[in-house]
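Colleague: Pasting a structure here, questions to come.
The values are calculated or read from the model by the stated rules, or taken from the named source; none is laboratory data. Just so it is clear, the model here is predicted, and its values are computed rather than measured. Neighbour counts run over all protein chains shown; Cβ positions are idealised from the backbone, glycine included. Heads up: the accessible areas ignore ligands, DNA and RNA and are worked out on the full protein's heavy atoms, side chains in. Shrake-Rupley method; radii C 1.70, N 1.55, O 1.52, S 1.80 Å.
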Amino acid sequence: MRVLRDTLSTFDGRRIHFAVMAIESAARKLGVSSREMHDRLKAQNLIHNRLIGRYELLHTQGREWVAEDIVETLQNWEAGR
């Protein structure tokens, strides 16, 4: 049971680490604080739906690509597209 719990914790930790990296990279790209980026992504439910929910696809991409993707997605969602 402990091995399963440790595996899940490691997996969740990787997803969280990835989400933090993506939020910080996207914030730098837009020239805003990480807090503002987090709040904007959270308002659109993109942290769970995009960053964590699509971790398997997104984590294989480069940091710049992920930052551009999340900025574009955020701007589209905020504009209602």
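Colleague: Among I16, V32, I70, whose Cα sits farthest toward the positive end of the charge dipole of the chain (+1 at Cβ of Lys/Arg, -1 at Cβ of Asp/Glu, about the Cα centre)?
Modeller: Among I16, V32, I70, the one farthest towards the positive end of the dipole of the chain is I16.
Colleague: Next up: Report the net charge of residues surrounding V71, where surrounding means a beta-carbon distance below 12 angstrom and charges are Lys +1, Arg +1, Asp -1, Glu -1.
Modeller: Numbers: positive: R28, K29, R40, R50; negative: E64, E68, D69, E72, E78.
Value of the local net charge: -1.
Colleague: Averaged per residue, what accessible area in Å² does the chain show with a 1.4 Å probe, protein chains only?
Modeller: 67 Å²
Colleague: With a sphere of radius 9 Å drawn around the Cβ of K29, what net charge do the other residues whose Cβ falls strictly inside it have (Lys, Arg +1; Asp, Glu -1)?
Modeller: Numbers: positive: R28; negative: E64, E68.
Computed value for this residue: -1.
Colleague: Simple spin-label model, 7 Å along Cα-to-Cβ: E56 to I16 in nm?
Modeller: 2.2 nm
Colleague: Quick one: 3J(HN,Hα) in Hz for the stretch 72-78, Karplus 6.51/-1.76/1.60 with θ = phi - 60°, rounded, Gly and Pro as x.
Modeller: Using θ = phi - 60°, the values come out as 4, 4, 4, 4, 5, 5, 5 Hz.
Colleague: Now a separate question. How much of the accessible area of the chain, probe 1.4 Å, is carbon plus sulfur, in whole percent?
Modeller: C and S fraction of accessible area: 51 percent.
Colleague: Once you charge only the Cβ atoms, +1 for Lys and Arg and -1 for Asp and Glu, what is the size of the charge dipole of the chain about its Cα centre, to the nearest 20 debye?
Modeller: Dipole magnitude for the chain comes out near 220 debye.
Colleague: Can you work out the FRET efficiency for the pair E72 and K42, with r the C-beta to C-beta distance and R0 = 22 Å, to the nearest 0.05?
Modeller: Computed FRET efficiency for E72 and K42 comes out at 0.80.
Colleague: Summing Lys, Arg as +1 and Asp, Glu as -1, what charge do residues with Cβ under 12 Å from the Cβ of I47 carry, I47 excluded? Don't skip to the answer; put the middle values down first.
Modeller: Details: positive: R15, R40, K42, R50, R54; negative: D39.
Counting the neighbours of I47, the net charge comes to +4.
Colleague: Here are a few candidate values for Cα extents along the principal axes in Å: (i) 69, 22, 19; (ii) 46, 22, 22; (iii) 47, 22, 17. Which one was actually calculated from the structure I just gave you?
Modeller: So the calculated entry is the one marked (ii).
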